[in-house]
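Contents: one structure, followed by commentary.
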Amino acid sequence: MSRQGFLVVLSGPSSVGKDTLLEAVLGHIPDMVYSVSATTRPPRPGERHGVDYYFLSDEEFRELIRNDGLLEWAEYCDYLYGTPRAFVEEMVAQGKIVISDIDIQGAEQLRRTMPDGVFIFLMPPSLEELRRRIMRRATDSPEAIASRMARAEEEMHSIVNYDYWILNADLAQAVEDLKAIIRAESLRVKRGGYKEVGESL
């Protein structure tokens, strides 16, 4: 069935569980593909170039900016992050559902460049639980943890700019909520999937 593709943007505070949620749904939703972001931060243990991120030098990243090769980009914790344009536009044109993990600043830009996108905010059960999740990573200094928590509290206010929100208290429920949102959005009349059915009636 012919259907217009669309972009799904998943945002939320650091360590809220975006990567875990994405891993749980990818491969289980037909025609869904993941948009790998580009970044200037160094890889963490186990991360792979082109799979988790495109790990670029500062100059390589800024070259993409100059050539309009990014749909959006933002600076977070002294590193640059962005969404490569070509992959997203090509997949949407092919009718795919493109999902990406993008921060608040980037999502604001994407609302302008991809107005038909679906924007979802992932919420932690509480700020205290979020702090525990950040500390479990064991990669941040006390100062960095305090900075991430302060930023998280600020980011919570951005939820009003999103189309949907999901509470990430229970992973299985969060997965079902995300699948329900994507299913509903796939059936929106403006996506055009009904046209082939209508022609056969």
In nm², the average projected area of the convex hull spanned by the Cα atoms of segment 1-48 is 4.8 nm²
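Can you give the percent of C-alpha pairs in segment 141-188 whose distance is more than 15 Å?
Details: 703 of 1128 pairs.
Here the long-distance tail beyond 15 Å is 62 percent of all Cα pairs in segment 141-188.
Indicate, rounded to the nearest 5 percent, the antiparallel portion of the DSSP beta bridges found entirely in the chain.
Given both bridge residues lie in the chain, the antiparallel proportion sits at roughly 30 percent.
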Pairwise centroid distance, computed over Cα atoms, of segment 126-172 with segment 38-76, Å: 23 Å
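Might you report the magnitude of the Cβ-based charge dipole of segment 75-133 about its Cα centre, with Lys and Arg at +1 and Asp and Glu at -1, to the nearest 20 debye?
On the way: 7 positive and 10 negative charges, 26 e Å.
The calculation lands at about 120 debye.
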Evaluated over segment 40-87, the Cα radius of gyration and Dmax, each in Å: 10.6, 31
Expected output is a single nm value to one decimal: the length gained when fully extending between Tyr76 and Asp52, i.e. 0.36 nm times separation in residues minus the C-alpha distance. What is it? 7.0 nm
With each run of n ≥ 4 DSSP H residues scored as -39500 (n - 2.57), what mean residue ellipticity at 222 nm is computed for the chain after dividing by its residue count and rounding to the nearest 500 deg cm²/dmol? -12500 deg cm²/dmol
Given segment 80-192 reduced to its alpha-carbon atoms as identical point scatterers, what log10 I(q)/I(0) does the Debye formula return at q = 0.20, 0.24 Å⁻¹? -1.26, -1.47
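Taking N as the number of residues in segment 6-195, what is its Cα Rg relative to 2.2 N^0.38 Å? Each step should come with its number before you reach the end.
Numbers: Rg = 16.4 Å, N = 190, 2.2 N^0.38 = 16.2 Å.
Against the compact-globule rule of thumb, the ratio is 1.02.
Bear in mind these aren't lab numbers, they're just calculated from the coordinates by the rules spelled out. On a predicted model such as this, the values are computed, not experimentally measured, just so you know. Cβ: placed from backbone, ideal geometry, glycine included. Neighbour counts: every protein chain shown.
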